[in-house]
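The values are calculated or read from the model by the stated rules, or taken from the named source; none is laboratory data. Since the model is a prediction, treat every value here as computed from it, not as a measurement. Note that each Cβ is placed from the backbone with ideal geometry, even for glycine, and that neighbours are counted across all protein chains shown.
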Amino acid sequence: MCLKTKIVYVLSLFLIGLSTKTYAINPDKYVVNHASAKNFPLVSKGKAASILVSDKDFAGVLKVAGHLENDIFQVSHLPPKRIKKIAETEDFVVIIGTLGKSEIIDQLVKKGKIDASQLRGKWEKFTTQIVENPLKGVKKALVIAGSDKRGTIYGIYDLSNQIGVSPWYFWADVPVKKQSELHVLPGIHSQGEPKVKYRGIFINDEAPALSGWAFEKFGGFNSKFYDKVFELILRMKGNYLWPAMWGRMFYVEDPQNAVLADEYGIVMGTSHHEPLTRAHAEWGKSNGKWDFNTNSEALIQFWKDGIKRMGNKETIVTVGMRGDGDEPMTEGTAIGLLENIVKSQRNIIAEVTKKPAEETPQMWALYKEVQDYYDKGMRVPDDVTLLLCDDNWGNIRKLPELNAKPRKGGYGIYYHFDYVGGPRNYKWINTNQIERVWEQMDLAYQYGVDKIWIVNVGDIKPMEFPTEFFLDMAWNPEKFNAGNLEQYYVHWAKENFDNQFAEEIAEILKLYTKYNSRRKPELLDAKTYSITNYNEAEKVVEDYQKLVEKANSINEKLQPEYKDAFYQLVLFPVLVSSNLNELYVAAAKNHLYAEQGNPIANVYAEKVKTLFEKDAELTNYYHTQLANGKWNHIMSQTHIGYNNWQQPDKNVMPKTKTIGTVIYERTKIVARDSLKSKIAIPKNKDLDHIQGFVENNGYISIESKNYSKAINSEAVKWTIIPNLGKTDSGITIKPSNIQNIEVSEQSPRLEYNVHFFSKGKIKVHAYFSPTINFKFGEGLKYGIAFDSEKPQIMNLNADSSEKSWAESVADNIKIIMSTHQIENSGNHVLKIYAIDPALVLQKIVIETQDGKVLESYLGPPESFRTK
C-alpha cells in the first residue's frame, strides 16, 4: 500500500469510526421482485430473458454462463435460452462478455452504449447495467461486462447471488428460494476492483475427512472434485488455490485438474514447502535424498519438469525450500545455501519459460524457521512476493516495516483456520472468531500486505462461515470495521436462510465460535474449567446448553428445505461442541467425587459414557442421514483423547473411576466465590463515596470495554471489538499502522475507577489476545500505572520462549502481571497507556495483598461496579 493510500485509509477509519453500516456478501441489492418500466425483466410473466454470449469469449466465461442459466432455472423453473447470434435476439436479453474478447461487448463500446474506461486496464472488475436498444431487434439488455476473464465471471456469479443462489448451495446444501419475478434495477452495478490481488484457500490436512468423502463421491481429488472447488472459490470472488497436498498430486492424479483451473481462471500455487509447482508427493525414493547439497542435479531436473508442465497457465510459483516432509531444511540458518537454491530456481524459470524470471509471478513463504533466514538478512529479488505467515494459530508473526521501501512483488499473508502441529492439532470443528480474523488481517492490510491473502481451510467443511468472511474481507478490507462485524453475522444468516430467524442465527454463530475459541476442542480435558471456583464449569456448560436450546428451537420452526443447511452450518457445531464440553465437565466431577469416596461418582462415569456415545451418534447422523448420506466421512476427524500434539487413531473416552457402595458423609461441590457472593463492605463506609469497580474477596475483575474514561489522540482512537475475547470483548487502538507512542500525560490511555478496602502490594493481571511481536525489536509494549505514579512499561513479548508461546496459544490469552503499591484504601484510578499498536486487551484482574484469586481458566467474573 503506497503512502497516499495509507493516509486515505487512516482518514477513512476516522470517518467510519464504529459505523454499523452493513457490508457483507452483497451490500447493495439490485434484483427485486417487482416490475417497473425502468427495470430489466430477468424473469417475468412466465418467461426468462435469453442469454447472449460470444463463442469467441473465454471458455470459462461460457462455462459460467451455463451456471447462470442453471441458477435462473433453479430459482424460477424457467430455462433461459442461450443464443449465439445477434440475428436470434429477442426483446429482452442478458448480454455477457469480456472487453476485448467479445465482439458484442466491443460493438456496444463503439456505439457508446457502455463506457469502456470503467473497465479498460482494470483487474477483475465487472459492470452490470441496463442498456436500451443495444442491438437491432433488442428492446432492452442487461449487460454484464468484464475487464478480464475473472471480471466477467464475477459479474455472472454476482447476479446469481443477487437472485438468491448461495455460494454454499452445493457445499452446505443451502436451498435456492423459488421466485417467479426477478427484475434488475437501473444503474451501473459493480464491486469495483479487489484491494487484494490474489485471494485464496489452501486445502490441507485433508485426511481422513475430506479424502474419505472425495474418494467416495468423486473417486478422488480429480477434476470432478476440483470443479466444485473452483466454482465455490469464484462464487466467493476468490481467485487462488493451493490444492490438497498430503499424498496428493494435483497435476498427476488427473491432468484435467490443471486444464480446468486454467479454464475457470483459478490461479494455481503450491504450499510453502512445494517449490516450482511440484507436489511433495511427486518426489519418490528413486529421486534420491531431498537435499540440495548432495542431490542438486536431481532436484533441478525435478523442478524443471514442473515449470515445463506449468506452461502458460496462470500460476504463482513457490520458490525456496524446506526439509523433506514439511520440516526445517537444516539445523541453524544456512542463508548461503537457500540463496543459492532460489538463484537456481529462478534460472530454471527463465530457462524453461524463455523470458526473464521476473515475468513469472513468484512467492517466498517465510514459514516457521524460514522467517529466521529473513530476520538474519536473507533477501530475494524484488519481484518475488514475500508471503508472511501467522504462527499457525491465527496470530501474525511478521509484517513489513512501516518505512520499508516498496517491493515490486509486494507482500502476502498465509493464515490458518486449521492446523496439524504443536502444541496440538486442531482441525475438527470451526473455532475461528471472525473478530480476531478481522483484527489481524486489518493489521496486515494497514501495513501494506495486499498482494496475496491465503487461508488454510483444512477440509473446507466445517469452515464455511470464516472462509467466506476471509474472502469477502480480502476483496475490500476497507469496508470492514469493528462496528459492523456483528452485522456480517446477520447478513450471512439472511443470505443463507432466506431471512428466517437471522438475528437469532447470527447470535448463535457469534457465541459458539466465541466459546469454541476459548480453547480448541483437541486441547480440552477434565481440568480445563474449574468445577469448584467461580461456578466456572457449570457456567460454561450452561452457556452451551442455551445455544443448543436456541438452535433446536429454530430448527423446529425452519422451513423444512433449510434444515440440512442449518444442521451443517449451525446446529451440528453447536450440538457437538456443547456435548464435548459437558463430557469433560462430567469427567471432572467423576474424578472429584471418586476422590471423596462418594458413589455419585458412578453417576458421572455413566454420564461420560453416554455423552461419548452421543458424539458418535451426532457424527453418524451427519454421515448417514443428513442430505441422504451426501456427506459421509466429512466429519470423521478424531477429536477426543489427545495426549500429545498428534491425533489419536480413534476417539478415546476420558478415563473415569467407579467405587463400590460405601457409607459416606454426603458432600457436594462448593462453588467458591460464585457469581452470587455478596460484597463484604466494612462497617461505617459511605457507599456514595465509592467509585468504580469494588474489591471483593481480595480481588477486582474488570472487562476491558468497561472503562471509566478513554483518552484518545489525533493519531489513534480506542476501539472496542465486540465479542472478541474469552469472556466479553476486546479493546485496541486503531489505526494500527503507527509508530510507537511515547508515554506522557497526554498519551492515549484507558482509565478504570476502582475501590480498594485494603492497601499494600497488589498485582494487576492484564489479559491480552496472544499477539506476536510482528516488528523488528524487543516486543509490543503498553504502560500501566495507578493514579499519578510513574507508568511501568510492560512488554507483551518479554518471554519469547517456545513454552510461553505454546501456553498462550493453547489458552488463547496472554496474561502479563505487574506489581504496584497502594498506600491507602479507597478510590483509585488504574491507567493503561497505549504504546504499540495491535495489543488487544480483554480483561483486567487485580489481586490485593489480602486476597488470592482462585484458580480458573477464564478468570473471576466481573466485579460489582458503582456509578
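Quick check, is Thr277 within 20 Å of Lys368 (Cβ to Cβ) and among the β-branched types (Val, Ile, Thr)? It is false that Thr277 is within 20 Å of Lys368 (Cβ to Cβ) and among the β-branched types (Val, Ile, Thr).
On the basis of being surrounded by 14 or more Cβ atoms within 10 Å (Cβ to Cβ), part of a loop (DSSP other than H, G, I, E, B), at pLDDT 95 or above and of a type outside the set (Lys, Arg), does Val743 make the cut? Here the answer is yes, as Val743 does meet what is asked. Looking at Ala493, Ala506, Ala474, just one residue is outside the structural domain of Asn632 (by TED's automatic domain parsing), small (Gly, Ala, Ser), surrounded by 24 or more Cβ atoms within 10 Å (Cβ to Cβ) and closer than 24 Å to Thr732 by Cβ, and that residue is Ala474. Residues in the range 408-461 that are charged (D, E, K, R), over 12 Å from the mean Cα position of the chain (by Cα) and closer than 30 Å to Tyr567 by Cβ: how many? Looking only at that region, the number is 4.
For the range 676-713, a residue qualifies if it is acidic (Asp, Glu), at pLDDT 95 or above and either more than 30 Å from Arg436 (Cα to Cα) or surrounded by fewer than 15 Cβ atoms within 10 Å (Cβ to Cβ) (or both), and exactly one does: Glu695.
With respect to being buried (at least 22 other Cβ atoms within 10 Å of the Cβ) and closer than 22 Å to Lys514 by Cα, Tyr604 falls outside the description. Which members of the range 186-199 meet the condition of being crowded, with 19+ Cβ neighbours inside 10 Å and farther than 30 Å from Ala281 by Cβ? Within the range 186-199, His189, Ser190, Gln191, Pro194, Lys195 qualify.
Looking at Phe202, Phe225, Phe250, Phe221 in this structure, which one is under 30 Å from Gln162 (Cβ atoms), surrounded by 24 or more Cβ atoms within 10 Å (Cβ to Cβ) and of a type outside the set (A, V, I, L, M)?
Details: Phe225 fails: surrounded by 24 or more Cβ atoms within 10 Å (Cβ to Cβ); Phe250 fails: under 30 Å from Gln162 (Cβ atoms); Phe221 fails: under 30 Å from Gln162 (Cβ atoms).
None of the other options fit; the residue is Phe202.
Quick check: is even one residue across the range 580-597 over 34 Å from the mean Cα position of the chain (by Cα), modelled with pLDDT of 95 or more, aliphatic (A, V, I, L, M) and within 24 Å of Lys539 (Cα to Cα)? For the range 580-597, residues over 34 Å from the mean Cα position of the chain (by Cα), modelled with pLDDT of 95 or more, aliphatic (A, V, I, L, M) and within 24 Å of Lys539 (Cα to Cα): present. For the range 733-760, filtering for residues that are of a type in the set (Lys, Arg) and within 37 Å of the chain's Cα centre (by Cα) leaves 2. Inspection of the range 279-300 finds a residue satisfying the criterion of being of a type in the set (D, E, K, R), part of a loop (DSSP other than H, G, I, E, B) and surrounded by fewer than 19 Cβ atoms within 10 Å (Cβ to Cβ).
Whenever a residue of the range 741-759 is within 13 Å of Ile700 (Cα to Cα) and among the aliphatic types (A, V, I, L, M), its partners that are assigned to a loop (DSSP other than H, G, I, E, B) and at pLDDT 95 or above, lying with C-beta atoms within less than 8 angstrom and at least six residues away or across chains, give the pairs Val754/Gly692; Val754/Glu695.
So that you can scan it fast, the table gives a plain yes or no per residue for (1) in contact (Cβ under 8 Å) with a residue 24 or more places away in the chain; (2) part of a helix (DSSP H, G or I); (3) buried (at least 20 other Cβ atoms within 10 Å of the Cβ); (4) not β-branched (Val, Ile, Thr):
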| position | (1), (2), (3), (4) |
| --- | --- |
| Glu542 | no, yes, no, yes |
| Gln545 | yes, yes, no, yes |
| Glu561 | yes, yes, no, yes |
| Gln568 | yes, yes, yes, yes |
| Val574 | yes, yes, yes, no |
| Ser578 | yes, yes, yes, yes |
| Leu592 | yes, yes, no, yes |
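Quick check: is even one residue across the range 302-316 modelled with pLDDT of 95 or more, at negative phi, among the aromatic types (Phe, Trp, Tyr) and touching a strand residue (DSSP E or B) at 6+ places or on another chain (Cβ under 6 Å)? No, the range 302-316 contains no residue that is modelled with pLDDT of 95 or more, at negative phi, among the aromatic types (Phe, Trp, Tyr) and touching a strand residue (DSSP E or B) at 6+ places or on another chain (Cβ under 6 Å). Residues in the range 302-350 that are buried (at least 20 other Cβ atoms within 10 Å of the Cβ) and among the small types (Gly, Ala, Ser): Gly306, Gly320. Within the option set Asn773, Asn824, being modelled with pLDDT of 95 or more and surrounded by 15 or more Cβ atoms within 10 Å (Cβ to Cβ) holds for one residue only, Asn773. Based on this model, can you work out whether Ala261 counts as surrounded by fewer than 23 Cβ atoms within 10 Å (Cβ to Cβ), in contact with a helix residue (DSSP H, G or I) (Cβ under 7 Å, 6 or more places away or on another chain) and either of a type in the set (D, E, K, R) or closer than 26 Å to Lys354 by Cβ (or both)? Judged against the criteria, Ala261 is not a match. Taking each residue of the range 484-505 that is within 18 Å of Leu571 (Cβ to Cβ) and looking for partners that are among the basic types (Lys, Arg) and assigned to a loop (DSSP other than H, G, I, E, B) with beta-carbon atoms closer than 8 Å, six or more apart or interchain, yields Asp498/Lys177. Of the listed requirements (1) basic (Lys, Arg); (2) within 22 Å of Thr619 (Cα to Cα); (3) outside the structural domain of Ala207 (by TED's automatic domain parsing), Lys539 misses just one: (2).
Residues in the range 84-104 that are surrounded by 16 or more Cβ atoms within 10 Å (Cβ to Cβ) and in contact with a strand residue (DSSP E or B) (Cβ under 7 Å, 6 or more places away or on another chain): Thr89, Phe92, Val93, Val94, Ile95, Ile96, Gly97, Thr98, Leu99, Ile104. In a residue-by-residue description of the range 119-141, the property of being among the small types (Gly, Ala, Ser), closer than 18 Å to Leu68 by Cβ and not in a loop (DSSP other than H, G, I, E, B) applies to at least one position.
Do we find a residue being assigned to a loop (DSSP other than H, G, I, E, B), touching a residue at least 12 places away in the same chain (Cβ under 8 Å) and either closer than 25 Å to Pro423 by Cα or of a type in the set (A, V, I, L, M) (or both) anywhere in the range 602-613? No: zero hits.
Take the range 196-225 and flag every residue that is assigned to a loop (DSSP other than H, G, I, E, B), in contact with a helix residue (DSSP H, G or I) (Cβ under 6 Å, 6 or more places away or on another chain) and either of a type in the set (A, V, I, L, M) or assigned by TED's automatic domain parsing to the domain that holds Ser117 (or both). Listed by number, the list holds a single entry, Val196. Only one entry of Lys178, Lys139 meets the criterion of being surrounded by fewer than 18 Cβ atoms within 10 Å (Cβ to Cβ), without any contact (Cβ under 8 Å) to a residue 60 or more places away in the chain and closer than 25 Å to His77 by Cβ, and that entry is Lys139. Residues of the range 377-393 that are of a type outside the set (Val, Ile, Thr) and either at negative phi or in contact with a helix residue (DSSP H, G or I) (Cβ under 6 Å, 6 or more places away or on another chain) (or both): Met378, Arg379, Pro381, Asp382, Asp383, Leu386, Leu387, Leu388, Cys389, Asp390, Asp391, Trp393. Within the range 715-727, being charged (D, E, K, R) and either modelled with pLDDT under 95 or within 17 Å of Gly859 (Cα to Cα) (or both) holds for one residue alone: Lys726. In the range 523-539, of all residues being surrounded by fewer than 23 Cβ atoms within 10 Å (Cβ to Cβ) and not in a loop (DSSP other than H, G, I, E, B), the one that is farthest from the chain's Cα centre (by Cα) corresponds to Asn533.
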